[in-house]
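Student: Quick one: the structure is below, questions incoming.
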Amino acid sequence: MCLDIRVAAVLVVLASWAPAAPTLAADPTDPAASGPATTLPTVSVHENPPRSLTQPDAATAAAALRQVPGGTNLVEARQYEQGRASNLIDILQGQPGIYIGSRGGTDDVKVSIRGAGLDRPYHLRGVLLLQDGIPISTADGNGDFQWLEPLAQQAVEVYRGANALEYGSTTLGGAINFISPTGYTAPGQAARVEGGSYGYGKFQAQSAGLREDADYYVSASAYSRDGYQPHSATHAARLSANLGIRHSADLETRLYVGATRSDLQLAGALTADELRNAPRAADPDAIAFDQRHDGNYARLASRTTARLGDDARVDFDLYWVNQDLYHPLFWNADFLNGLGVLELGSNTYGAGLRYVNEAPLWGRDNRWVVGLRPNSASASDRRYQNRFGRPGAPTADFAETWRNIDLYAEDQHRLGAGLRLTAGFQLAWATRNYRDRFGANPNGDQSLDQAYRGFSPKLGLLHELTPTLQWYANASRAFGPPTSLESLQLGGAHGDVISVALQAERASTFEIGTRGARPRIVWDAGYYRSRVRDELLTLNDAQGNPLGTMNGTPTRHEGIEAAAAFVLARGLAIPADRPGTPRPPTPGANLAPLRDGDGDRLILRLAWDWSRFRFTGDPVYGHNTLPGIPPHHVRAELSYQRPSGLYASAHGEWVPQRYPVDYANTMHADPWFSVGARLGFRARHWSAFLEGRNLTGRRYASVVEVIADARSGFGPPRVFVPAEGRAVYAGAELTW
């Protein structure tokens, strides 16, 4: 499915002209309500507002996350919509436990949770991506973020590590679930425009409505950006929609549609000298070979939810995801090797069956979930010589089949007052089949069949001392087969594509933490320690020869994920007429929005991640630090808020210590500090913002391309991807 900018623009106009539908006013006492409080019409009764059976709202998601005995995050759209909302950086920046960086502010984003996919500067590994609880990652475990529209979400859930078991994920990094708005939660009609530095411009329109037995939501957006570096322009158009049909009070079906066209030029990485002295330069090869990441994405899905009495329900999902990627990359014309031009196409078909029962057991509160999630994908992987941006002679042709069956179960049982035990497991079967259709590879037939099986148990305790104070601990195992990017590599005497038999990553993790709230503070902090076996790493042998991606010797991942928000002052200019009573905290240490009578307030938010990832006695690298992520990452924000909707903030982001970019630990990325500010106003029917980023123009690497040994190449290695320079953005939104 191809959706270009012009088609999206037409859809935007049609969506903005859609007839208005009745909308539900936000409850001003609801901690998840967004914007300033409003007065409900006297003719409306909202003590028990109607809700979708198939789709949770943000408040329901927050309540569910508070019952997870481990690290989670919830980011509501109202938080990141206060500034530029262009890509995943804007959603997840400042969230504890998540390292995220972007290529010069583009949609090409690196995300790593607890060290998953540590040496991946692009694409995603070790983290399951879901939209509304339904997978959107390809069946081999790869994921990209260009397809996602931040403004077409009501909230984003992050389950760190094995805390994502309820969704059937036991990968090292966990899962990210994007929750779509519906006719129950969206504001009706809305239009938003954004613009700013480096030629950035975006327009989005949405329409939502609620009828007696149906609701709908549709969003269309188009944006473009010239880019911070040469050859880094981005153009994208996205369509997201869902339709819910209520068959009866206990039966609902929701249909989902998504489509994206994304064209992204790649500027490549820089040397250390270029990063310090010419950060807006580009890799000459990236320009000469017109390196890009262009693709089409289409998604169709459905969920049917049947409520079985007051305490149980069953969800049945069906989905199809299509991705087509045109990906010119480096090609060495002299040695006739390199990735060249990649043409990748895949179709993933899947289903899901999930049963939830919340009936008491043995006279105590109990909740158990059991689910089955099979999926299968067929993919075509063709590669060509790169003739300066155009496909040349073919170099590889693979037909690929990826299959997975995941069976999972989890039970949460209240042992006593405030003490809850969680126990669960996942059984996973996976196959990765690669058929070599090329027939001219000097390394011979590279067909490969691999099968994987995993058993991943989890045991957790959650102690709720008060409704706003919790302690938790858990122990779990993780399992993650390799993706096609690891199984098909460059190698052999001629540098052609070879297939590599690899083991699945496995990890054993222990975690302990606390989250809570008091009248002037909200916090969320935890410590984890993982022992990882067969981690997928790009290494050299003892003689310095490249081995490609392989299963490394055992490694240890440990870290602290902490965030807190402090109300430094209340009633500075607007007196508060009610005491500052604590409300249940949202995971990620977020404060609920102001309500009438709260007065104004001054808030300090802090987030700190400490990461220590090491070999535990590798024959080549000893106890070296695993490269790619700084050991300390700190973000602080001071903000002022008024009940009228006025807000202003200043923030700083700090990496105080250099960190290695190669496994040999011979080259390091420099420490850095950047500052930004934001000013905005949110009224009932309109909002506006002005935002500045990296205001001091600090030159630093937001992402590094991990290599085995910086001493083994020809000349200074190109591994540093520059962060966006000084930038200013503004935007406005109108709802009706």
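The values are calculated or read from the model by the stated rules, or taken from the named source; none is laboratory data. What you are looking at is a predicted structure, and each value in this text was computed from that prediction instead of being measured. Quick reminder, even Gly has a Cβ in these numbers, built from the backbone with ideal geometry, and neighbours come from all protein chains shown. Ligands, DNA and RNA are excluded from the accessible area calculation, which covers all protein heavy atoms including side chains. Shrake-Rupley method; radii C 1.70, N 1.55, O 1.52, S 1.80 Å.
Student: Quick one: net charge of R354's neighbours, Cβ under 12 Å, K/R +1, D/E -1?
Tutor: Numbers: positive: R303, R313, R373; negative: E166, D315, D317, D406, E410.
The answer is -2.
Student: Can you give the net charge of the other residues whose Cβ lies under 13 Å from the Cβ of L568, counting K and R as +1 and D and E as -1?
Tutor: Numbers: positive: R520, R570, R601, R605; negative: D600, E637.
Every neighbour counted, the sum reads +2.
Student: Moving to a separate point now. Could you tally the net charge around I179, taking each other residue with its Cβ under 9 Å from the Cβ of I179, Lys/Arg +1 and Asp/Glu -1?
Tutor: On the way: positive: none; negative: D57, D132, E157.
Value of the local net charge: -3.
Student: Note down the relative contact order for the chain as a percent, whole number, built from C-alpha pairs under 8 angstrom at least six residues apart.
Tutor: On the way: 2212 pairs, mean separation 94.5, N = 736.
The normalised contact order for the chain reaches 13 percent.
Student: Under 25 °C and 0.890 mPa s, how fast does region 577-702 diffuse according to Stokes-Einstein, given a Kirkwood radius computed over C-alpha pairs? Answer in µm²/s, whole number. Display every interim value, and only then the final one.
Tutor: Details: Rh = 17.8 Å.
It diffuses with D of about 138 µm²/s by this estimate.
Student: Moving on to the next point. How large is the dipole of the chain about the Cα centre if only Lys and Arg carry +1 and Asp and Glu carry -1, each at its Cβ, rounded to the nearest 20 debye?
Tutor: Working: 71 positive and 75 negative charges, 263 e Å.
Dipole of the chain, to the nearest 20 debye: 1260 debye.
Student: Next question. Determine the share of the chain's accessible area contributed by carbon and sulfur atoms, expressed in whole percent, with a 1.4 angstrom probe.
Tutor: 59 percent
Student: Next question, about the same structure. Using only the alpha-carbon atoms, how far is helix 5-17 inclined from the longest principal axis of the chain? Give it as 0 to 90 degrees, nearest 10.
Tutor: Once rounded, one gets 10 degrees.
Student: Set the Förster radius R0 to 51 Å, insert the Cβ-Cβ distance between A281 and F455 as r into 1/(1 + (r/R0)^6), and round the FRET efficiency to 0.05.
Tutor: On the way: r = 50 Å, r/R0 = 0.97.
Given R0 = 51 Å and the Cβ-Cβ separation, E is 0.55.
Student: Can you give the accessible area of I405 in Å² (nearest 10), computed on protein heavy atoms with a 1.4 Å probe?
Tutor: Approximately 80 Å² of I405 is accessible to the 1.4 Å probe.
Student: Amide H neighbours of A396 under 5 Å, counting only residues 5+ apart in sequence or on other chains, H built in-plane at 1.01 Å?
Tutor: Amide H neighbours of A396, under 5 Å, 5+ apart: R383.
Student: Then there's this: Leaving out ligands and nucleic acids, note down the accessible area per residue over the chain with a 1.4 angstrom probe, in whole Å². All intermediate terms of the calculation are to be shown ahead of the outcome.
Tutor: On the way: 27850 Å² over 736 residues.
Accessible area per residue, the chain: 38 Å².
Student: With the radius of gyration and the Kirkwood radius both derived from the Cα set of region 273-412, what is their ratio Rg to Rh?
Tutor: Working: Rg = 24.0 Å, Rh = 19.2 Å.
Rg divided by Rh gives 1.25.
Student: Now for a different question. Taking the Cα centre of region 580-736 as origin, work out the dipole magnitude from +1 charges on Lys and Arg Cβ and -1 charges on Asp and Glu Cβ, in debye rounded to 20.
Tutor: Details: 18 positive and 14 negative charges, 64 e Å.
The calculated dipole for region 580-736 is roughly 300 debye.
Student: Using only the Cα atoms of the chain, what semi-axes does the equivalent ellipsoid have when each is the square root of 5 times a gyration tensor eigenvalue? Give whole Å, largest first.
Tutor: Details: eigenvalues 305, 168, 148 Å².
Semi-axis lengths for the chain are 39, 29, 27 Å.
Student: How high is the FRET efficiency between A677 and Y527 when r is their beta carbon distance and R₀ equals 35 Å, given to the nearest 0.05?
Tutor: Details: r = 33 Å, r/R0 = 0.93.
So, using R0 = 35 Å, E works out to roughly 0.60.
Student: With the crude spin-label approximation of a point 7 Å out along Cα→Cβ, what separation in nm comes out for T616 versus T60?
Tutor: 4.2 nm
Student: If I stretch the segment between S376 and H632 completely, what's the gain in nm (0.36 nm per residue apart, minus their alpha carbon distance), one decimal? Before the final figure, lay out each step's value.
Tutor: Details: separation 256, 0.36 × 256 = 92.16 nm, distance 3.94 nm.
That works out to 88.2 nm of additional length.
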